[in-house]
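The values are calculated or read from the model by the stated rules, or taken from the named source; none is laboratory data. Treat the numbers as computed from the prediction; the structure is a model and nothing was measured. Ideal geometry is used to build each Cβ from the backbone, glycine not excepted, and the neighbour counts take in all protein chains shown. Accessible surface is based on the protein model in full, side chains and every heavy atom, while ligands, DNA and RNA are left aside. Shrake-Rupley method; radii C 1.70, N 1.55, O 1.52, S 1.80 Å.
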Amino acid sequence: MTAAPTFEELFRSCRESAVHLEMRDSYMKSDPAYTDWNAGAVIDPTERWADWLSLVSEATSRGVKVRRARIVSEPVSRYIRFEYEVTEGLNIAAGEEVRWLSRRNATGIALPGNDFWLFDSSRLLVNHFDGEGEWLEPSLSTDFQELELCASAFEAVWELGIPHAEYELT
């Protein structure tokens, strides 16, 4: 039996697109970058996430379109403020496109139950978190119906989302 590919392997093997939908108002509050930021430290993404910057930059340099959409409650949580503040130096600097959508404006969209990454519209990495937002083991799917739902949901969120440079926190 072959082991499931890692996130890095999925990312490095994608050829056309990698899309990520985030729908939680907080994630991994135990993350050292978040705890430092929450304590008032200035976070330098190039120091904290050099591996991520390299991984995404490598993908975008070979023509992969990397997009991230975030559905957020407004007013936003403290964690979302942290994400917003590091997005320019982390996600945008690496070559991602990022959009934000108020949860109020997502009511008419059929959404999956979990955050996910969809690689080349053919491999779905479903992210799982516990009730406190701590990361759990992801699952990989190639189920057609799941791929179709997640692709459709992402595109609907993307269409309604506001580009990072235009989004204002409330």
task: Starting from the range 148-170, keep only residues that are open to solvent by 40 Å² or more (accessible area, probe 1.4 Å), then list their pairs with residues that are assigned to a helix (DSSP H, G or I) whose Cβ atoms are within a distance under 6 Å, requiring at least 6 positions of separation or different chains.
output: L160/N105; L169/Y84
Filter pass, V66 being under 24 Å from L147 (Cβ atoms) and either open to solvent by less than 60 Å² (accessible area, probe 1.4 Å) or under 17 Å from the mean Cα position of the chain (by Cα) (or both): yes
- prompt: Hey, among the residues in the range 9-34 that are open to solvent by 60 Å² or more (accessible area, probe 1.4 Å) and not aliphatic (A, V, I, L, M), which one's nearest to L125 (Cα to Cα)?
  reply: E9
Residues being open to solvent by 20 Å² or more (accessible area, probe 1.4 Å) and either touching an Asp or Glu at 6+ places or on another chain (Cβ under 7 Å) or of a type in the set (K, R) (or both) - total across the range 95-120: 4
task: For residues that are in contact with a helix residue (DSSP H, G or I) (Cβ under 8 Å, 6 or more places away or on another chain), open to solvent by 30 Å² or more (accessible area, probe 1.4 Å) and not hydroxyl-bearing (S, T, Y), tally how many sit in the range 35-59.
output: 6
task: Please work out if R15 is within 20 Å of V157 (Cβ to Cβ) and not in a helix (DSSP H, G or I).
output: no
query: Which one is surrounded by the fewest Cβ atoms within 10 Å (Cβ to Cβ), of the residues in the range 121-146 that are closer than 22 Å to W100 by Cα and modelled with pLDDT of 95 or more?
result: S121
- request: Report, ordered by the first and then the second residue, all pairs with beta carbons closer than 7 Å, sequence separation of six or more or different chains, a first member in the range 74-94 that is touching a residue at least 40 places away in the same chain (Cβ under 8 Å) and on the phi > 0 side of the Ramachandran plot, and a second member that is in a helix (DSSP H, G or I) and among the β-branched types (V, I, T).
  value: none
